[in-house]
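Enquirer: Have a look at this one before I ask anything.
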Amino acid sequence: MKFETPQTVEQAVALLAADSGARVLAGGTDLLVRLRAGHIAPSAIVDIKHIDGMGEITQQADGGWRIGAGVPCAAMGEHAGLVADYPGVVEGAELIGSTQVQGRCTMVGNLCNAGPAGDSVPALVAAGAMVRVAGPNGTRDVPVLHIPTAPGKTSLAKGEFVTSVYLPPRGARGGDAYLRFIPRTEMDIAVVGCAVNVILEEDGTVACAGVALGAVAPTVLLVAEAAEALIGTKCDDAALAACAAAATAAATPIDDKRGTVAFRKDVSGVLARRAAKLAYVRAKGD
Amino acid sequence: MSRIHVSTTINGDDVDYLCEAGDTLLDVLRDQLDLTGSKEGCASGDCGACTVRLDGRLVCACLVLGAEAEGRSVETIEGMAEGEELHPLQRNFINKAALQCGICTPGILVAAKDLLERNPDPTEEEVRYWLAGNLCRCTGYDKIIRTVLETAAEMRGAA
Amino acid sequence: MAKDEFQSRQFKVVGTRVPRPDGLDKVTGRARYGADMTAPGMLFGFCLRSPHAHARIRAIDTSAAEAMKGVKAVVTRADFTVTPQDQGTRDILDNVMAGAKALYDGHTVAAVAATSRSVALAALKAIKVDYEVLPHVTDVDEAMKPEAPVLHEGRQQESVPEGYSQNVLARSQYGHGDVEAGFAKADLIVERSFKTAATHQGYIEPHACLASMGNDGQGDLWCCTQGHYMVRNTCSAIMGMEAGRLKVTASEIGGGFGGKTTVFLEPVALMLSKKSGKPVKMTMAREEVLRASGPTASTSIDIKIGMTKDGKITAAQGDFRYQNGCFYAMNGALGAMCGFAPYHLENVETVGWEVVTNRPKAAAYRAPGAPMAAFAVESVIDEMAKELGLDPIELRLKNAADEGTKSAYGPTYPAIGLKATLEAAKAHPHWSAPLGPNQGRGVACGFWFNFGGDTCVSLMINPDGTVSLSEGNPDIGGSRASMSMMAAEELGIPYEQVRTVIADTATLGQNEVTDGSRVTFAVGLATIKAARHAIEIMKARAAQLWGIAPEAVEWVDGAAQPAGPNAGKFPPMTLKEIAETASNTGGPIAGHFEVNAEGAGVSFGTHIADTEVDPETGAVKVLRYTVFQDAGKAVHPDYVEGQLQGGAVQGIGWALNEEYIYGEDGTLQNAGYLDYRIPVASDLPMIDPVILEIPNPGHPYGVRGVGETGIVPPLATLANAVSRAAGVRLTSLPMSPPKVLAAIKAKG
Ligand SMILES: Cc1cc2nc3c(=O)[nH]c(=O)nc-3n(C[C@H](O)[C@H](O)[C@H](O)COP(=O)(O)OP(=O)(O)OC[C@H]3O[C@@H](n4cnc5c(N)ncnc54)[C@H](O)[C@@H]3O)c2cc1C
Ligand code: FES
Ligand code: FES
């Protein structure tokens, strides 16, 4: 196994394109666990953190945010501007692992690991985030929703890797929230995760919404029915109940060591209601 | 297998070593440099016994490759005391019985020191969440949390 | 041992909170644990483990592995040519290296020693094992059925009636009185069934050792263990060598809780070392720790209790079915003995069952067998208290065992502290604090026997008046401090002048393992007696110098002095002065004591917990927790508190989230800390320990073991708290959120 530290995107792409056994290393909090367990045996590890811009969080001219693929999640929580605009996205990112894991793990690693339960992914999907993908044919921008295709599988082609995440401009009266259910208070993988992103009219009516569920399907689910239940309402109890029911209906979980089908469906609804309420309160700013 | 040459700084000293690409920083610390104060409880990021600081951020040494330390700065439990002078956390962990078997202690001390440097006045809840990635099976955490809080108060008083 | 060991006294050192002697090493990273040792030319050893729950091993081909560069030895069961004499040791050998069959997922089938980790791991992959996969069974009730897949033929004891699978190895029965007559007198009878999942001790330090065997038939072993004498005896029996030829040194130990009272890697490392002629270091990965070491029994328990309207128990019955993994253990019997031990019962009958399944061999875990039994019994008592509208503490006080009670398992109790813990709980502000919505309070009692056993201590008076104390029990949580304290107390010198070390097996006589909460009791007792022995010698030396009879000398405040005016007029002679002149008065001075300590003194505890249940998700939050336990005499209160807090939190984990989860194929699904969920700091409140001191008549200072009882009540305490908060009785552990939510929804 080789260890590579490309200094540019082009070098990284060249390394990845030349060796189909090469793996990208971001924070390593998934990769190294699997390496040690003997689940993977890459021919090379390509550490992308030396590439310019990988560790940066920058506000774009349009007011949106670009977050480098090497930014550890802890750094997101320390960024006041990002936290103010996207508390839900930051919440999801900061729920990953422990303080120590936070010092290393990245949102992009979480996304490209393509686990069904990745905590940072639902809020990105609910917010309509995009990723920038670099590859042998240049760069392309892809909705986060389209990256994972199945557990452990992504839509990235050979030689491609993600360089950054883009969050659209927050604008006035927007808010988001992410809640997950775990058996303990920390150090567990989500049994259910739910993110809600809302943007309000001036009068407090929901103009548009995104509701995304994690850990209840092979990949993150964007639940249009749950979002529709909120749109045009002021997130009153009836709207929240409808949102919860839509989330429960949309979930197609499995029974495993972390939870049962019935439990995950029930809790999908509970979290959707609670996250919607929280996102709404945040959007109203009171 | 050809090995990678790494030049790094550990507890303020320049250190060079050779490692395999798959060796973790924890492997290097323990097996090559005989810095066995960092412990391996899981090798998967779950227990925190291997906690060190890398360029000022807490990490699990088992989730960092040895090769990644090139040009960076690593702080381990072995560097926590200044000569004979124990860090107040170390002193209080002994005096307030915040350890039983002691296997979790190095990781917890490194993590707690980092917390107090960032936040000299944490609440009980903040300490508990900060240390949630440091498993201790002996103490039930009570005396650990109390000792961190009391040391924080003592250090604020001294400052 | 006589019951009249205890003498009331004013303590000077015992009962204070002094810093422990090994503290500095442990806060600076200097302390050497099992995996922290190296030897010149050392090899790295690793195990190949069965991926099947139950399989016949047809053949193992190690030739490709042996041919690899850097591989210095490969061992399989064929290398272990000695058959140990007793069945227990044969089981251990079968557990550390599978014989004809692999009996569980993770069972070692071969091992390799090589010049590096990566070479050793590659060699493991090159070993070819031809398995014939057999049907398996992991559930205790399934394993008892006559049609269940059988693990071993012909091991069933006569005590087992007909109609059960051969997996049922033993049945034991306890009790007295006439339960049927007792039930006839009851106003209320409640009968319930309970299940508990297997849990792991969860020590943070994985098993590790460094073995060195020479072709001169001598060996050295360094390992993390609760008992290096046990390691020596077991390994030498397996290796077919005389015990005296194997020297075992205990490393610092990173937690054990009973899980390090047996061997796993040590015989394998010795065999690899013997075959390679080089030192071999082995460490388990966490996954191996969970798959192949520990765990506890999982259980299925039926309890039936009859009570009068005013809460007097008229009869109690329990059936305790425990699976102990793939070999015999007596956890079911211990459960059957402990479940009703806190109560004064006219009519009681319990039956314990020992069942084998395709799981790792159960190891002891703090009060083995007792927590599950207490969970079942205390749950029924709580349910009956609720039904009868009685205060759960009053109800327990009404039935509590006391001095003179004939216990449910036979013996009659001497002075015990159960009522004191209940009275303290009743009077504590926690018991009367208000509760909010969705909150519930639980209380439960627990019992553990405690243990003494073989113990040796040597106490050397150094020429400068300091004292070196050697004991043979690994210090698992501050016991070196406690021993130094007791020696200092007895000798009348400052604590700082005594240094306690853990001797290796070549330095002291046989010592039982650090288990059964025995160390502070038994080693403490031997320490005090060794100090008294040294005092006798020092008195004689002083008498010699003064020219008076030794009987005319007494020992007061660390000095010899004439016993009264008739003895002669001499200024007191301090320990230091006697030590300095020892060479001229007959040579170096040392005391020692060897004993099979009895009179450990049973221990009781009562716990109170408040929990809040989220009715929409089944999540449980522990809001407040108080432990009341009788310590006899708390030698070092900090470390007694630590034992109570640690035990309570392990019990909380067992009650709420910890469990061994097996798949359909019999493989362990959660062999890591991510999904084997031990409590983390943010899960918990402070654990408030209340120490009671009802002196143990069997110890000079009144000490009782405190290490184990603390884990007995929490399962039931939490079950009672959660059941009251959720408004529905939980009868299956762990009370994980899906189970709690399902119970809430089923209640409607
Ligand atoms: C103790 C512990 C607790 C954890 N808890 C959680 C949790 O609570 N919630 C949760 O969601 N996850 C959790 N995880 C999993 C993990 O931390 C996260 O998935 C994390 O976000 C991964 O990020 P990383 O940067 O470390 O990824 P890496 O390990 O570096 O990479 C993960 C995968 O993505 C690929 N990859 C990384 N970056 C790129 C890129 N830029 N382009 C293309 N491919 C890329 C890698 O090749 C690899 O396959 C936990 C892990 C540990 C060890
Ligand atoms: S050994 Fe690194 S977290 Fe456990
Ligand atoms: S003191 Fe033993 S694990 Fe923390």
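Throughout, read-outs are computed from the coordinates displayed, never taken from laboratory work. None of the values given here were measured: they were computed from a predicted structure. Cβ atoms come from the backbone with ideal geometry, glycine included; neighbour counts cover every protein chain shown.
Enquirer: Compute, for segment A:1-48, the length of the dipole vector about the Cα centre, with Cβ point charges of +1 (Lys, Arg) and -1 (Asp, Glu) only. Units Debye, rounded to 20.
Expert: Working: 4 positive and 5 negative charges, 46 e Å.
Magnitude of the dipole: close to 220 debye.
Enquirer: Right, next: Suppose R0 equals 35 Å; then what is the FRET efficiency for residue A:137 and residue C:438 from their Cβ-Cβ distance, rounded to the nearest 0.05?
Expert: On the way: r = 57 Å, r/R0 = 1.62.
In this case the efficiency is close to 0.05.
Enquirer: Could you tell me which GluC sites (Glu not before Pro) in segment B:59-159 are loop residues by DSSP with no more than 11 other beta carbons within 10 angstrom of their beta carbon? List each step's numbers first, then the result.
Expert: Numbers: sites: B:68, B:70, B:75, B:78, B:82, B:84, B:85, B:117, B:124, B:125, B:126, B:150, B:154; in loops: B:70, B:84.
When the GluC sites (Glu not before Pro) of segment B:59-159 are filtered for loop state and at most 11 Cβ neighbours within 10 Å, B:84 remain.
Enquirer: Relative to the longest principal Cα axis of chain B, at what angle does helix B:142-158 sit, 0 to 90 degrees, rounded to 10?
Expert: 80 degrees
Enquirer: Going by amide H atoms built from the backbone, whose H comes under 5 Å of the H on residue C:247, apart from near neighbours?
Expert: Counting only residues 5 or more places away or on other chains, the set is C:219, C:220, C:221.
Enquirer: A further question follows. How far is helix B:105-118 tilted, in degrees, relative to the longest principal axis of the Cα atoms in chain B, given as a value from 0 to 90 rounded to the nearest 10?
Expert: Orientation of helix B:105-118: about 70 degrees from the principal axis.
Enquirer: Now for a different question. For B:156, C:518, A:66, what ranking results if the residue with the fewest other Cβ atoms within 10 Å of its Cβ goes first?
Expert: Values: B:156 11, C:518 26, A:66 18.
Neighbour counts put them in this order, fewest first: B:156, A:66, C:518.
Enquirer: Is there a simple number for the mean count of other chain Cβ atoms within 10 Å of the Cβ of residues in A:178-186, and what is it? Intermediate values should be presented prior to the final figure.
Expert: Working: counts 0, 0, 0, 6, 4, 12, 11, 11, 9.
Averaged over the peptide's residues, the number is 6.
Enquirer: If the rule is a partner Cβ under 4.7 Å, which cysteines in chain C fail it?
Expert: C:47, C:224, C:235, C:326, C:338, C:445, C:456, each lacking another Cys Cβ under 4.7 Å.
Enquirer: Per residue of B:49-62, how many C-beta atoms from partner chains lie within 10 Å of its own C-beta, taken as a mean? Walk me through the intermediate numbers first.
Expert: On the way: counts 3, 1, 4, 1, 2, 3, 1, 1, 8, 8, 12, 11, 1, 5.
Per-residue shielding by partner chains comes out at 4.
Enquirer: Pop out the ³J(HN,Hα) list for segment C:580-595 in order, Karplus 6.51 cos²θ - 1.76 cosθ + 1.60 with θ = phi - 60°, rounded to Hz; leave Gly and Pro as x.
Expert: Going residue by residue, I get 5, 9, 4, 4, 8, 9, x, x, x, 10, 8, x, 8, 8, 10, 7 Hz, with x marking Gly and Pro.
Enquirer: With the dipole of segment C:136-291 worked out from charges on the C-beta (+1 for Lys and Arg, -1 for Asp and Glu) around the Cα centre, which of C:240, C:175, C:190 lies farthest toward the positive end?
Expert: With unit charges placed on the Cβ atoms, the residue in question is C:240.
Enquirer: Could you go through segment C:657-664 in sequence order and give the Karplus-derived ³J(HN,Hα) for each residue, using 6.51 cos²θ - 1.76 cosθ + 1.60 with θ = phi - 60°, rounded to whole Hz, and x for Gly and Pro?
Expert: Once θ is set to phi - 60°, the couplings for segment C:657-664 become 9, 7, 6, 7, 10, 9, x, 3 Hz.
Enquirer: Ok, one more. When the Karplus curve 6.51 cos²θ - 1.76 cosθ + 1.60 is applied with θ = phi - 60°, which whole-Hz ³J(HN,Hα) does each residue of segment C:180-190 get, with x for Gly and Pro?
Expert: 5, 4, x, 4, 4, 8, 7, 8, 9, 10, 10
Enquirer: Shifting gears a bit: Using +1 on the beta carbon of Lys and Arg, -1 on that of Asp and Glu, and nothing else charged, what's the dipole of chain C about the Cα centre, debye to 20?
Expert: Its charge dipole is roughly 1220 debye.
Enquirer: Of the listed pairs C:12/C:576; A:49/C:72; C:26/C:69; C:386/C:747, which have alpha-carbon separations greater than 28 Å here? Please list the in-between numbers first.
Expert: On the way: C:12/C:576 19 Å; A:49/C:72 40 Å; C:26/C:69 39 Å; C:386/C:747 17 Å.
Distance filter (> 28 Å) returns A:49/C:72; C:26/C:69.
Enquirer: Restricting things to Cα coordinates, could you compute the convex hull volume per residue of segment C:547-626 in Å³?
Expert: Details: hull volume 21.9 nm³, N = 80.
Per-residue hull volume (Cα only) is 274 Å³.
Enquirer: Enter the mean projected area of the convex hull around the alpha-carbon atoms of segment C:238-315, in nm², rounded to one decimal.
Expert: Working: hull surface 41.9 nm².
The directionally averaged projection comes out at 10.5 nm².
Enquirer: Taking K and R as +1 and D and E as -1, what net charge do the other residues with C-beta under 12 Å from the C-beta of residue A:124 add up to? Intermediate results must be reported in sequence, preceding the final value.
Expert: Values: positive: none; negative: A:91, A:119, A:176.
Net of charged neighbours comes to -3.
Enquirer: Assigning unit charges at the beta carbon (Lys, Arg +1; Asp, Glu -1) and nothing else, what dipole magnitude in debye, to the nearest 20, does the protein assembly as shown show about its Cα centre?
Expert: Details: 108 positive and 138 negative charges, 187 e Å.
Roughly 900 debye for the protein assembly as shown.
Enquirer: Let me check against my output: what whole-number percent is the relative contact order of chain C, with C-alpha pairs under 8 Å and at least 6 apart? If you can, show how the numbers build up before the last one.
Expert: Values: 2006 pairs, mean separation 120.7, N = 748.
For chain C, the relative contact order is 16 percent.
Enquirer: Do any of C:195/C:281; B:39/B:113; A:158/A:257 go past 28 Å between their Cα atoms, and which?
Expert: Values: C:195/C:281 40 Å; B:39/B:113 17 Å; A:158/A:257 33 Å.
In this structure, C:195/C:281; A:158/A:257 exceed 28 Å between Cα atoms.
Enquirer: Please list the non-local residues whose amide H lies under 5 Å from the amide H of residue A:155, H modeled 1.01 Å from N, same-chain partners needing a gap of 5 or more.
Expert: Correct list: A:149.
Enquirer: Tell me which residues come under 5 Å, amide H to amide H, from residue C:623 once H is placed; ignore anything under 5 positions away on its chain.
Expert: HN-HN under 5 Å from residue C:623: C:610, C:611, C:612.
Enquirer: Can you find, among C:217, C:289, C:468, the residue sitting farthest towards the positive end of the charge dipole of the protein assembly as shown, where Lys and Arg contribute +1 and Asp and Glu -1 at Cβ?
Expert: C:217
Enquirer: Please average, across the residues of B:103-109, the number of beta carbons from any other chain that are within 10 Å of each residue's own beta carbon, and give a whole number. Spell out each step's value before the answer.
Expert: On the way: counts 14, 4, 7, 6, 3, 2, 4.
Average neighbour count from other chains, rounded to a whole number: 6.
Enquirer: Compute the Cα gyration tensor for segment A:116-260, then decide on rounded, prolate or oblate, letting a ≥ b ≥ c be the square roots of its eigenvalues: rounded whenever a/c is under 1.5, prolate when a/b is larger than b/c in the other cases, and oblate in all that remain.
Expert: Working: a/c = 2.17, a/b = 1.21, b/c = 1.79.
Since a/c reaches 1.5 but b/c is at least a/b, the shape of segment A:116-260 is classed as oblate.
Enquirer: If you take the square roots of the eigenvalues of the alpha-carbon gyration tensor of segment C:45-162 and sort them as a ≥ b ≥ c, do you get rounded (a/c under 1.5), prolate (a/b over b/c) or oblate? Intermediate results must be reported in sequence, preceding the final value.
Expert: Details: a/c = 2.95, a/b = 1.99, b/c = 1.48.
It comes out prolate by the Cα gyration axes.
Enquirer: Where does chain C land at 222 nm, in deg cm²/dmol rounded to the nearest 500, when only DSSP H runs of n ≥ 4 count, each adding -39500 (n - 2.57), divided by all residues? Provide the component values of the computation, followed by the final result.
Expert: On the way: 21 runs with 210 residues, N = 748.
Counting only the DSSP helices, I get -8000 deg cm²/dmol.
Enquirer: Longer than 29 Å from Cα to Cα, which of C:101/C:304; B:143/C:398; C:529/C:633 are they? Say none if no pair is.
Expert: Values: C:101/C:304 40 Å; B:143/C:398 35 Å; C:529/C:633 17 Å.
Beyond 29 Å: C:101/C:304; B:143/C:398.
Enquirer: Report the paramagnetic label zone for residue C:669: residues of segment C:709-746 whose backbone N is under 13 Å from a point 7 Å from Cα along the Cα-to-Cβ axis.
Expert: C:738-739
Enquirer: Quick one: plug the Kirkwood hydrodynamic radius of the protein assembly as shown (C-alpha pairs) into Stokes-Einstein at 10 °C, 1.306 mPa s, and report D in µm²/s. Walk me through the intermediate numbers first.
Expert: Working: Rh = 31.7 Å.
So the translational diffusion coefficient is about 50 µm²/s.
Enquirer: Rounded, prolate or oblate: which fits chain C when a ≥ b ≥ c are the square roots of the eigenvalues of the alpha-carbon gyration tensor, with rounded for a/c under 1.5 and prolate only if a/b beats b/c? Present the calculation step by step, with values, prior to reporting the outcome.
Expert: Values: a/c = 1.91, a/b = 1.10, b/c = 1.74.
Taking the square roots of the gyration eigenvalues as a ≥ b ≥ c, chain C is oblate.
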